[in-house]
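J.: What follows is a single structure, and I will ask about it in a moment.
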Amino acid sequence: MSRESAFIAMMRAIASGPAARGLLDDAAVIELGGEALILTHDMMAEGIHWLPHASPADVAWKLVAANLSDLAAKGAEPLGLLLGYSLSDAQWDMGFAAGLHDAVGHFDVPLLGGDSVGDAGGRILGMTAIGRASYRPVPARSGAQAGDILYVTGWLGDAKAGFDLENGADEGGCSDAGRLRRAFKRPAPRLSDGRALAPLVTAMMDVSDGLLIDAQRMAAASNLQLTIDLAHVPLSPDYVSLYGDNTDSRIEAASWGDDYQLLFALPNSVEPPVAAVKLGQFDSGQGLKLTDNGTATALPARLGFEHG
Ligand SMILES: Nc1ncnc2c1ncn2[C@@H]1O[C@H](COP(=O)(O)OP(=O)(O)O)[C@@H](O)[C@H]1O
Ligand SMILES: Cc1ncc(C[n+]2csc(CCOP(=O)(O)OP(=O)(O)O)c2C)c(N)n1
Ligand SMILES: [Mg+2]
């Protein structure tokens with residue numbers, strides 16, 4: 001067990017109310033009369049979530065996007081943001097403020113407040129995003145049913161490719177390295193897809209730590225077995241131009257993380273109303289199984305990103 005999951009397990013014993021959803025979901029859900037408030041908090045730290053030479057404006061953008069992605073996963077409409085900020089040098093602070101200004105304008109979500117601290121011993125940021133549910137019951141990770149199909153929006157692995165390029169990797173034959181870099185630095189939360197999907201899905205979450213680990217969490221929360229076919233993992237042509245299309249490159253795309261796509265379950269009879277690919281199927285039983293073009297294959301040792 002990672003230090004992160006051990007710590008969350010301790011928090012689970014404290015977070016006993018129904019709004020916390022057993023700390024088994026992307027966000028808390030507070031039912032208020034005929035409405036539901038959705039609340040999520042994400043932290044980012046230099047060296048862990050962004051490279052030391054990253055632009056502070058990009059860091060601000062990603063902090064907003066990662067938080068809004070958890071709202072998207074619950075089909076929510078953003079209402080506001082609160083920022084936790086460790087003061088840095090004046091130039092970094094100004095760059096961050098400029099990026100935050102751009103991001104709140106782009107996503108049309110107000111900054112409501114926050115708190116700042118000096119000399120924190122490193123750049124560590126926190127953000128709370130508050131949203132309003134567009135559909136109730138608010139989709140959970142735990143609602144998938146045996147026989148449901150698992151889908152994912154967009155491509156997986158582009159953020160990993162963008163990270164490698166930002167870290168100095170050769171662009172090789174990649175035709176749109178800028179798009180890959182943006183996928184890593186300025187991910188796009190799937191807010192409108194989330195709202196379109198919320199009335200139809202039996203379960204939904206975003207993919208932040210990696211498809212395999214996040215899908216395993218959905219299967220565990222739903223108390224089902226889930227089989228994913230590696231051949232169905234959606235790779236972009238740009239990703240394939242850098243890493244090829246083979247078992248290793250598919251496993252990397254399915255386990256590196258930072259994708260911020262939506263992962264969701266639908267009954268077999270329901271077609272998704274947004275662009276998405278089928279990854280696999282839920283069955284009665286437990287655990288994550290992997291196939292490659294229909295043939296059973298071993299799970300990799302590492303399913304995704306975990307802190308500690
Ligand atoms: N330090 C913490 N204190 C309380 N709850 C936490 C803490 N860290 C994570 N959680 C909770 O654990 C669950 C899983 O968190 P996480 O995997 O980070 O979700 P996500 O990837 O969607 O942001 C969520 O319910 C989250 O609120
Ligand atoms: C410098 C750097 N190294 C590695 C990564 C890869 N990475 C760091 S955290 C993470 C997963 C998402 O972060 P987390 O804090 O777990 O977000 P949450 O799942 O809570 O939304 C990934 C893929 C990165 N973004 N930046
Ligand atoms: Mg999430």
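Every number here is computed from the coordinates shown, using simple stated rules; none is lab data. Please read these numbers as outputs of a predicted model, since none were measured by experiment. Note that each Cβ is placed from the backbone with ideal geometry, even for glycine, and that neighbours are counted across all protein chains shown.
J.: Relative to the present Cα-Cα distance, how much length would full extension add between Ile30 and Asp283 at 0.36 nm per residue of separation?
T.: 88.0 nm
J.: Right, here's the next one. Given H placed on each backbone N at 1.01 Å, which residues far from Leu279 in sequence or on other chains put an amide H within less than 5 Å of it?
T.: The list, which skips near neighbours in sequence, is Leu150, Tyr151, Val152.
J.: Report, as a whole number in µm² per second, the diffusion coefficient that Stokes-Einstein gives for segment 195-308 at 20 °C and 1.002 mPa s using the Kirkwood radius over alpha carbon pairs.
T.: 147
J.: So, one more: Which percent of Cα-Cα pairs in the chain sits in each 20 Å bin, short to long?
T.: 33, 60, 7
J.: Moving to a separate point now. Specify the inter-centroid distance of segment 99-159 and segment 259-303, based on alpha-carbon positions, in whole Å.
T.: With segment 99-159 and segment 259-303 each reduced to a Cα centre, they are spaced 22 Å.
J.: Starting from the Cα of Arg3, step 7 Å toward the Cβ, then list every residue of segment 26-64 with an amide N under 17 Å from that point.
T.: 43-49
J.: Let me ask something additional. Picking from Leu263, Leu242, Leu71, which is most flexible by a Gaussian network model of the chain using Cα springs under 10 Å?
T.: Result for the chain, Cα springs under 10 Å: Leu242 fluctuates most.
J.: Run the reach check for Lys185 against lysines, Cα to Cα strictly under 27 Å, same-chain hits fewer than 8 apart removed. What comes back?
T.: Within the straight-line cut-off, Lys185 pairs with Lys62, Lys74, Lys160, Lys278.
J.: Another question, if that's okay. When the C-alpha atoms of segment 3-133 are aligned to their principal axes, what extent does each axis show, in angstrom, from largest down?
T.: 44, 35, 21
J.: Could you compute the FRET efficiency for Arg302 and Asn223, with r as their C-beta to C-beta distance and R0 at 22 Å, rounded to 0.05?
T.: That pair, Arg302 with Asn223, gives E of 0.35.
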